[in-house]
C-alpha cells in the first residue's frame, strides 16, 4: 500500500502540536494559583449603598470602638447615600468589616462599618485630577478614557489633595455651576460656607477661566466636559486629586 | 418587583404614592408607582415588614453647598 509522504508529515506536525498543547495544559494545571485573599484585596475600591435605615461608622473594625457618625440610608435630598469601600477586615468573632472613605471633615477620615449593612458593586472607572497641570482624566482599566482642562482652587483655598469619591450628581439650578455638577466627599478650606463647603466638580458659566487657579476649591470644567462626565462617572466613582 | 411570601399583600407608600398588590405563587409582587413629590417610598410585605425603601429625588437641585 502506497503512503503519501505529505500526509505523513502533516500527521507528524499535528501530533507534535497536540503534544505541545498537552504539555502547556499540564504546566498550567501544576502552576500554583494566587491565593483567594490576594484576589479579593485587588477588587477594592468598591461603591456601596446602605441596606438599613442608618448604620454606625466606627473608628476601628469593632462595635466597642468609638462611633464616628451614623450614616443614613438616604441623604437630605432623598438620594441614596453612596459609600466608597476601600477594603475589609475581620473583626472580633470573625465578623466582616468594611473600611470606608468618610464624606466628613477632616478630609481623609476613615470609618468602619459592618459588611452586612452594605451592598457593594464594583467601580468601573476612576477620576484623576492633577492640580499642577490642571487636567482631569477619567481612567478605565488603567487607560485614559476622557481628559479635559479644568480650573482649580486659588491660593489660600486650594483644592484638597487625597482620595475622595463622587457622592451625588445633579443638574444645578445655579447658572454659575454650568450644565451639570457632582458633589464629592472632599471638603474645601472654607469651613464657614453654607452647607459645609463641599468640593464639587462642575461646569461653568465662565469658560475663559479654565486652566487657571481661580475657584474656591471646586474643580470647574467646560459644560461639554461636565456632560461627558455625567455619563462616565456614577456616584461612588473614586477621585484621586494630586498636587 | 418585590420578592416576598406567596399570596400576601404588598404595599408601597410615600412620596405621593399609595399602591398595593398581591404576590403570586412564586412570592413575586409587581407594583407600578408614579411618585408625585420627593421623599422615600416604603415597601411593606407580609407582617408589615419593610422589604425595601426607595428614595425619590429631583434631577435638578441647588448646588449652594458647593464652594464653586
For a quick protection proxy, order the peptides A:103-116, A:170-183 by their average other-Cβ count within 10 Å, most packed first.
-> A:170-183, A:103-116
Give the percent of DSSP beta bridges with both residues in region A:125-242 that are antiparallel, rounded to the nearest 5.
-> 75 percent
Does region A:163-228 classify as rounded, prolate or oblate by the C-alpha gyration tensor (a ≥ b ≥ c root eigenvalues; a/c under 1.5 gives rounded; else a/b over b/c gives prolate, otherwise oblate)?
-> prolate
Ranked highest first by the average count of other Cβ atoms within 10 Å around their residues, in what order do A:51-62, A:196-207, A:81-92 fall?
-> A:196-207, A:81-92, A:51-62
Would you calculate the separation in nanometres between label points at residue A:130 and residue A:213, each defined as 7 Å from the Cα along the Cα-to-beta-carbon direction?
-> 1.6 nm
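Can you give me the convex hull volume of the Cα atoms of the protein assembly as shown, divided per residue and expressed in Å³?
Convex hull of Cα atoms, per residue: 259 Å³.
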Quick one: in region A:84-178, what % of C-alpha pairs are over 14 Å apart?
-> 77 percent
What is the antiparallel percent of DSSP beta bridges lying wholly in the protein assembly as shown, to the nearest 5?
-> 85 percent
Histogram of C-alpha separations across region B:22-68, 10 Å bin width, % = 19, 38, 23, 13, 6, 1
Taking region A:41-122 on its own, what percent of its Cα-Cα pair distances exceed 17 Å?
-> 41 percent
Binned Cα-Cα distance frequencies in region A:97-243 - 5 Å width, integer % = 2, 10, 19, 24, 21, 13, 6, 3, 1, 0
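Laboratory data are not the source of any read-out in this text; all were calculated from the coordinates shown. From a predicted model like this one, the values you see are computed outputs, not experimental measurements. Positions of Cβ are backbone-derived with ideal geometry, glycine not excepted, and every protein chain shown enters the neighbour counts.
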